[in-house]
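The structure under discussion appears below in the form of structure tokens.
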Amino acid sequence: IVDTIETRSSVATTDALDYETQYWARVTIREYLGEDKTSEPITFKTAKQAAPDEPLRGVKLTNDIDAVLVQWTAVAKNFVNVYRKGPGEDAFKLIAENVTGTGYLDSQVEPNTEYAYQVAPVNPAGEGPRSGEMSITTRELNVLFEDNFDNGTISDLWTDATGNQVNLNEIVRASCRE
């Protein structure tokens, strides 16, 4: 016995079967007051896997600090290919292949730049249809502190984005006391 499916109805289902595989099955009827009855074994072969035939659902884009999070609704027994088109590009490029789960974090993006994405379900039989094109503009990164180390020393005095000198030791000490 490889697997037992117990049910109180006349139908039992499983998604634990592989494609293009031969299986044997028997049905046992459990009698509470009498003797159990078991059928003769039957044999069947599962179908050949087909490429996905529908695009992914629930696709959305979210800005992260310096990346774009591409998300979709989970798909059983399929992986996902993620495509991106950047500024000046005519065609989408595959940026992530056979992704598992429900999302992909694209960290290879520039700040304050518009990107378009598509995703497609994929399995060993091939790739399914791509989702519609979705666009997002990445966040502009704000520089808090800047130091080009041109004087050859590392200092606790830094210049913030507004041009003010900041003593990092004082900031660290103040936050440790709180």
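Okay, here's what the table says:
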quantity: Sole exception among (1) within 12 Å of the chain's Cα centre (by Cα); (2) more than 14 Å from Q118 (Cβ to Cβ) for N63, by number; calculated: (1)
quantity: Filtered residue count, the stretch 34-75, keeping only those that are of a type outside the set (A, V, I, L, M) and closer than 22 Å to E127 by Cα; calculated: 13
quantity: Residues of the stretch 75-101 classified as in a loop (DSSP other than H, G, I, E, B), without any contact (Cβ under 8 Å) to a residue 40 or more places away in the chain, of a type outside the set (D, E, K, R) and open to solvent by 70 Å² or more (accessible area, probe 1.4 Å), total; calculated: 3
quantity: Selection from the stretch 1-59 of residues that are open to solvent by less than 80 Å² (accessible area, probe 1.4 Å), touching a Pro at 6+ places or on another chain (Cβ under 8 Å) and either in a loop (DSSP other than H, G, I, E, B) or of a type in the set (S, T, N, Q) (or both); calculated: Q49, P52, P55, L56
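The rows are residues; the columns are (1) touching an Asp or Glu at 6+ places or on another chain (Cβ under 8 Å); (2) open to solvent by 100 Å² or more (accessible area, probe 1.4 Å); (3) modelled with pLDDT of 90 or more.
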| residue | (1), (2), (3) |
| --- | --- |
| E133 | no, yes, yes |
| I136 | yes, no, yes |
| N142 | no, yes, no |
| N148 | no, yes, no |
| N151 | no, yes, no |
| W158 | yes, no, no |
| N164 | no, no, no |
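The values are calculated or read from the model by the stated rules, or taken from the named source; none is laboratory data. These numbers were taken from a predicted model, which means no experiment stands behind them. Positions of Cβ are backbone-derived with ideal geometry, glycine not excepted, and every protein chain shown enters the neighbour counts. Heavy atoms of the whole protein, side chains included, go into the accessibility calculation; ligands, DNA and RNA do not. Shrake-Rupley method; radii C 1.70, N 1.55, O 1.52, S 1.80 Å.
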